[in-house]
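Novice: I'd like to ask you about the structure that follows.
The values are calculated or read from the model by the stated rules, or taken from the named source; none is laboratory data. What you see is a predicted model, and the numbers here were worked out from it, not measured in a lab. Cβ atoms come from the backbone with ideal geometry, glycine included; neighbour counts cover every protein chain shown.
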Amino acid sequence: MPKAVDPIQKRSEFVAASWDVIAAEGLKAATLRRVAAEAGCTTGALTHYYTDRRSLLVDALRAAHYQAGARMMDAAKRISSHQARLKAVLLEALPLDEPRVREWRVWLAFWAESMNDAELAQENTRRYAEWRRLLEDVVRPVVRNRSEAKREVAHLVALIDGLGLRLARHASSDQVLEDEQRECAATLVRHLTRFEAA
C-alpha cells in the first residue's frame, strides 16, 4: 500500500527548499529542477504540487511573510506591557539569528525581482500592508493619537528595513555578523526608549 503523503507538508518542504536556494544563490537560481534537487527529489515530484516556477515563488514569498508574522504575533501575545510588546515584535522582525537572516535574504531577492514583476510586486505590497497593520496594533497603545501612530509606524518600518538590510548583506565572518546583530538590536532598543515615558 503506497505511503500517504500530506500535500500541505510536501508544499512546505518545497517552499523551505526554495528559501535555501534563494538565500544562498539568488532568485534566478530557484528553478524547479534546482529546488527539487535541494529537496532531495525529482522535478516530476515537485511539479505534482507546483505546476510552474511562478506558483512556487509566490508561495515562497507568501510563506516567508506568514512565518515572520506568526512569530511576531506570538511574541505580542506573550507580553502584557505595551512598550515591551512593541519591542518584542520589532526585535522579532530583525535578522538576529540564522533562520531570520535566511528569511531576510529571501525577501531581498523578491524585493529586487518585484521591481520588474507586477505579480510579485502586488504580492509583496499585500504582505507589507499586513506587516504595517500588525505594527499599528502594537504602536497605537504607546502613542497619543491615530495620526501619530501612523507616522511612528512609517518611521519604524524604515528603521527595521534599514537595519535588516544592513544585517542581511554578506558579512565577512560569523563574528562580524554577531557584532552587527548586537549593534542593530541596541540601536532599535535606544530608539524605543522614548516610548517609556508615554
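Novice: Just checking, does region 174-187 include any residue being in contact with a helix residue (DSSP H, G or I) (Cβ under 7 Å, 6 or more places away or on another chain), of a type in the set (A, V, I, L, M, F, W, C), part of a helix (DSSP H, G or I) and modelled with pLDDT of 85 or more?
Specialist: No: zero hits.
Novice: For region 17-40, does any single residue satisfy the condition of being part of a loop (DSSP other than H, G, I, E, B), more than 24 Å from the chain's Cα centre (by Cα), over 20 Å from R105 (Cα atoms) and modelled with pLDDT of 90 or more?
Specialist: Narrowing region 17-40 to residues part of a loop (DSSP other than H, G, I, E, B): 26, 30-31, 40.
Still in the list and also more than 24 Å from the chain's Cα centre (by Cα): 40.
Checking the rest, the ones that are also over 20 Å from R105 (Cα atoms) come to 40.
Narrowing further to those that are modelled with pLDDT of 90 or more: 40.
Among the residues of region 17-40, at least one is part of a loop (DSSP other than H, G, I, E, B), more than 24 Å from the chain's Cα centre (by Cα), over 20 Å from R105 (Cα atoms) and modelled with pLDDT of 90 or more, which makes the answer yes.
Novice: Filter region 77-88 for residues that are in contact with a Lys or Arg (Cβ under 9 Å, 6 or more places away or on another chain) and surrounded by 17 or more Cβ atoms within 10 Å (Cβ to Cβ) and give the result.
Specialist: Within region 77-88, R85, A88 qualify.
Novice: With respect to L56, determine if the residue is touching a residue at least 40 places away in the same chain (Cβ under 8 Å), among the aliphatic types (A, V, I, L, M), within 18 Å of D20 (Cβ to Cβ) and crowded, with 17+ Cβ neighbours inside 10 Å.
Specialist: Values: touching a residue at least 40 places away in the same chain (Cβ under 8 Å): yes; among the aliphatic types (A, V, I, L, M): yes; within 18 Å of D20 (Cβ to Cβ): yes; crowded, with 17+ Cβ neighbours inside 10 Å: yes.
Here the answer is yes, as L56 does meet what is asked.
Table: residues versus (1) closer than 22 Å to A186 by Cβ; (2) touching a His at 6+ places or on another chain (Cβ under 7 Å); (3) of a type in the set (V, I, T).
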{"residue": "R54", "(1), (2), (3)": "no, no, no"}
{"residue": "D97", "(1), (2), (3)": "yes, no, no"}
{"residue": "A109", "(1), (2), (3)": "no, no, no"}
{"residue": "S114", "(1), (2), (3)": "no, no, no"}
{"residue": "D117", "(1), (2), (3)": "no, no, no"}
{"residue": "A121", "(1), (2), (3)": "no, no, no"}
{"residue": "T125", "(1), (2), (3)": "no, no, yes"}
{"residue": "W131", "(1), (2), (3)": "no, no, no"}
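Novice: Give me the residue from region 59-86 that is of a type in the set (G, A, S) and outside any helix (DSSP H, G or I) and, out of that set, farthest from A149 (Cα to Cα). Steps first, please.
Specialist: The initial filter retains those residues of region 59-86 that are of a type in the set (G, A, S), namely 60, 63-64, 68-70, 75-76, 80-81, 84.
Still in the list and also outside any helix (DSSP H, G or I): 80-81.
On the way: S80: 19, S81: 17 Å.
Looking at residues that are of a type in the set (G, A, S) and outside any helix (DSSP H, G or I), I get S80.
Residue by residue, here is whether (1) assigned to a loop (DSSP other than H, G, I, E, B); (2) closer than 24 Å to A23 by Cβ holds:
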site: A88; (1), (2): no, no
site: P95; (1), (2): yes, yes
site: V101; (1), (2): no, yes
site: V106; (1), (2): no, yes
site: E119; (1), (2): no, yes
site: N124; (1), (2): no, yes
site: W131; (1), (2): no, yes
site: L134; (1), (2): no, yes
site: P141; (1), (2): no, no
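Novice: Among residues belonging to region 121-136 that are without any contact (Cβ under 8 Å) to a residue 60 or more places away in the chain and closer than 19 Å to M73 by Cα, point out the one that is nearest to the chain's Cα centre (by Cα). Outline the logic, then answer.
Specialist: The initial filter retains those residues of region 121-136 that are without any contact (Cβ under 8 Å) to a residue 60 or more places away in the chain, namely 121-122, 125-126, 128-129, 132-133, 135-136.
Adding the requirement that they be closer than 19 Å to M73 by Cα leaves 126, 128-129, 132-133, 135-136.
Numbers: R126: 13, Y128: 10, A129: 13, R132: 13, R133: 15, L135: 14, E136: 18 Å.
Once the filter is applied, the top-ranked residue is Y128.
Novice: Cβ-Cβ distance below 6 Å, separation of 6 or more or different chains: which pairs start in region 145-160 with a residue that is crowded, with 18+ Cβ neighbours inside 10 Å and end on one that is part of a helix (DSSP H, G or I) and among the β-branched types (V, I, T)?
Specialist: What qualifies is A149/V139; E152/V139; V153/V139.
Novice: Further, regarding this structure: Of all residues in region 100-120 being free of Cβ contacts under 8 Å to residues at least 40 places away in the same chain and surrounded by fewer than 15 Cβ atoms within 10 Å (Cβ to Cβ), which is nearest to the chain's Cα centre (by Cα)? Before you say what the answer is, go through the steps one by one.
Specialist: Keep residues of region 100-120 that are free of Cβ contacts under 8 Å to residues at least 40 places away in the same chain, which gives 100, 111, 114-118.
Then drop every residue that is not surrounded by fewer than 15 Cβ atoms within 10 Å (Cβ to Cβ), which leaves 115-116, 118.
Values: M115: 18, N116: 20, A118: 20 Å.
Per the criteria, the residue is M115.
Novice: Does R78 satisfy being more than 19 Å from I8 (Cβ to Cβ) and without any contact (Cβ under 8 Å) to a residue 24 or more places away in the chain?
Specialist: Values: more than 19 Å from I8 (Cβ to Cβ): yes; without any contact (Cβ under 8 Å) to a residue 24 or more places away in the chain: yes.
The answer is yes for R78.
Novice: So for region 56-67 (the condition being aromatic (F, W, Y) and under 17 Å from L135 (Cβ atoms)), does at least one residue qualify? Spell out how you get there, then give the answer.
Specialist: Restricting attention to region 56-67, the residues satisfying the condition of being aromatic (F, W, Y) are 66.
Filter once more, so that each one left must be under 17 Å from L135 (Cβ atoms): 66.
Looking through region 56-67, at least one residue is aromatic (F, W, Y) and under 17 Å from L135 (Cβ atoms).
Novice: Something else about it: Give me a count of the residues in region 19-51 that are surrounded by 14 or more Cβ atoms within 10 Å (Cβ to Cβ) and either in contact with a Ser or Thr (Cβ under 7 Å, 6 or more places away or on another chain) or aromatic (F, W, Y) (or both).
Specialist: Matching residues across region 19-51 total 7.
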